[in-house]
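The values are calculated or read from the model by the stated rules, or taken from the named source; none is laboratory data. In this text the structure is predicted, and so the values were computed from the model without any measurement. All Cβ positions, even for glycine, are placed from backbone atoms using ideal geometry, and neighbour counts span all protein chains on display.
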Amino acid sequence: MANPAVISRLHGCLRTVASTPPRLIASPPAVKGGASQKRASVAIIIRLRPEHPPPTSTVASSVASPHTSPSTHPVPLSPSPPSSPRTGGLPEPLKHAQAGSATPSTASSFAGPPSVLVQLEDFFAQPWVNAPNTSVEILYIKRATRASDKWSGHVAFPGGRQEPDDESAEFTALRETWEEVGLDLAEKDWISIGQLDDREITTSLGKRLLMILSPFVFLHTSPHAPIPELQETEVASAHWIPLELLHAPLARYGHVPIDIATRLAPRNRLARLALKFLVGKMDFKCILLPNDPVATGQMLPPPPPGTRLPDLKLWGLTLGMTLDLLAHMTPKSAPEDLSTYPYAVAALDTPLTGREGASTTAELAPFAPSEASIFPRFSYPDINFLIWVFAFRYRRLLRHPSNAATRPRPPDSPPPPRSKVNWAGMSLNAYYAAVRKALVVAIFLRACAALGGVVAGGMWLRGKWLARRAIVAK
């Protein structure tokens with residue numbers, strides 16, 4: 001059940017996304033022999049679920065204006081399972097959207113900000129939206145397990161790589177969502193809100209830029225839940241996750257261990273063993289989500305009675321985009337997380353108690369931590385300390401005045417002018433630069449310590465041998 005303040009804050013968040021131009025990043029240069037397209041798009045799909053959906057005849061399903069979707073055919077509520085992947089063609093609304101989309105050089109939404117804002121006002125004025133038991137949910141998918149997919153089995157948003165004939169980054173998100181989960185986001189029951197800032201997909205330690213990811217936000221305007229129809233080769237399951245499970249105090253946190261040695265030396269087994277001993281493991285913070293799928297790619301036997309499926313782990317890029325969305329919902333009076341140590345998240349894990357704590361929780365929730373709080377840490381404390389030592393540029397970027405444009409503001413205030421510089425990306429690059437320096441220094445110090453130990457041991461053995469030899473000579 002969502003607090004009415006959360007619904008109001010979601011309204012302000014979506015208005016901000018619709019009226020704020022995103023920061024766009026140029027595509028990385030193509031590598032010889034690599035993929036020609038270096039861009040991808042995902043769809044962040046939001047819906048409001050009432051406790052008792054009103055009858056279909058009384059629903060104001062015309063919230064989305066014709067500017068949002070060129071089609072007026074509703075999404076079927078009970079589609080039949082697909083017999084084969086949907087790669088042969090696109091639905092009519094998407095074909096029309098492709099024909100009338102923006103030029104390839106832009107990544108703007110189909111509807112201009114004024115029409116989107118009007119649609120949002122009409123949608124959030126409906127009684128069922130403001131009902132006390134209406135909850136906010138976000139759609140996540142668990143990717144199918146495939147040996148060729150580096151994101152195999154991960155929790156993600158629907159989306160994928162941009163194809164050469166895609167008219168825009170937003171059309172890529174529409175097409176991939178249709179192919180993966182069978183939802184036509186160009187239908188009249190959807191509002192294309194806008195785009196969040198582009199994100200960089202890099203190698204493990206941020207040394208090389210691989211791809212640019214563009215996240216787009218969509219809102220479902222019907223009280224009746226859309227039913228995903230999954231492409232089983234791409235998606236294992238789909239999950240509607242309540243927004244309250246993504247922020248304090250109900251969010252549950254865990255860790256995802258990453259074998260950094262395998263990524264630094266993937267082909268040399270001896271080097272991997274040495275690196276594993278020298279640097280340990282890298283841990284990413286994650287949010288644990290309930291594993292209650294609303295649709296599955298394959299018909300699996302039900303689990304035995306009393307058993308519980310393992311929690312899903314929301315981490316990495318998908319968690320970063322989620323926090324980017326939640327950051328627009330944080331009120332101006334909420335505390336800012338500009339901690340010098342990027343893993344300081346005590347405010348996340350410590351729920352407030354007592355009368356004062358309860359009122360403060362209601363006032364500030366949902367509290368979105370900064371992305372600095374989910375940056376990785378290592379299993380060896382000295383490496384974390386070295387990262388802190390070398391992260392002076394990262395901390396300076398966090399405090400840069402231009403970051404004020406990305407910080408929370410009152411819902412009714414006009415959006416500030418956006419800087420053309422991607423300060424979040426620069427902060428991330430500066431942090432991973434500190435990680436690389438810390439690893440080099442840590443490996444060097446450990447190698448020196450190991451060499452010193454070997455030399456000291458050899459000298460000790462030699463001394464013992466000389467002493468014994470002197471005794472024998474006497």
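Considering every residue within the stretch 38-51, establish whether at least one is of a type outside the set (Lys, Arg), surrounded by 15 or more Cβ atoms within 10 Å (Cβ to Cβ), assigned to a loop (DSSP other than H, G, I, E, B) and modelled with pLDDT under 90. So far as the stretch 38-51 goes, no, none of its residues is of a type outside the set (Lys, Arg), surrounded by 15 or more Cβ atoms within 10 Å (Cβ to Cβ), assigned to a loop (DSSP other than H, G, I, E, B) and modelled with pLDDT under 90. From the residues in the stretch 159-179 that are part of a helix (DSSP H, G or I) and small (Gly, Ala, Ser), which one is surrounded by the fewest Cβ atoms within 10 Å (Cβ to Cβ)? Step by step, filter the stretch 159-179, then rank; the result is 169. Scanning the stretch 12-25 turns up no residue that is modelled with pLDDT under 90, of a type in the set (A, V, I, L, M, F, W, C), under 23 Å from residue 169 (Cα atoms) and exposed (fewer than 14 other Cβ atoms within 10 Å of the Cβ). For the subset of the stretch 162-200 comprising residues that are out of contact with any helix residue (DSSP H, G or I) (no Cβ under 7 Å at 6 or more places or on another chain) and among the aliphatic types (A, V, I, L, M), which member is farthest from residue 230 (Cα to Cα)? Checking each candidate, the answer is 169.
With respect to the conditions (1) within 24 Å of the chain's Cα centre (by Cα); (2) modelled with pLDDT under 95; (3) crowded, with 18+ Cβ neighbours inside 10 Å; (4) more than 18 Å from residue 15 (Cβ to Cβ), residue 152 falls short on a single one, namely (3). Scanning the stretch 278-294 for residues that are surrounded by fewer than 17 Cβ atoms within 10 Å (Cβ to Cβ) and among the β-branched types (Val, Ile, Thr) returns a single hit, 294. Listed conditions (1) touching a Gly at 6+ places or on another chain (Cβ under 8 Å); (2) within 23 Å of residue 329 (Cβ to Cβ) are all met by residue 223, apart from (1). Picking from residues in the stretch 224-234 that are touching a Ser or Thr at 6+ places or on another chain (Cβ under 9 Å) and surrounded by fewer than 23 Cβ atoms within 10 Å (Cβ to Cβ), the one that is nearest to residue 13 (Cα to Cα) is 224. Got at least one residue in the stretch 247-263 being at pLDDT 90 or above, closer than 29 Å to residue 54 by Cβ and not aliphatic (A, V, I, L, M)? Looking through the stretch 247-263, none of the residues is at pLDDT 90 or above, closer than 29 Å to residue 54 by Cβ and not aliphatic (A, V, I, L, M). Scanning the stretch 361-394 for residues that are aromatic (Phe, Trp, Tyr), in a helix (DSSP H, G or I) and modelled with pLDDT of 85 or more yields a total of 3. Condition (residue is of a type in the set (A, V, I, L, M), over 17 Å from residue 324 (Cβ atoms) and in contact (Cβ under 8 Å) with a residue 12 or more places away in the chain) applied to the stretch 153-172: is it met by at least one residue? Among the residues of the stretch 153-172, not one is of a type in the set (A, V, I, L, M), over 17 Å from residue 324 (Cβ atoms) and in contact (Cβ under 8 Å) with a residue 12 or more places away in the chain, which makes the answer no. List pairs: first residue in the stretch 432-461 and under 14 Å from residue 260 (Cβ atoms), second residue among the charged types (D, E, K, R) and at pLDDT 90 or above anywhere in the structure, Cβ distance under 8 angstrom, at least six positions apart or on different chains. So the pair list comes out as 442/382.
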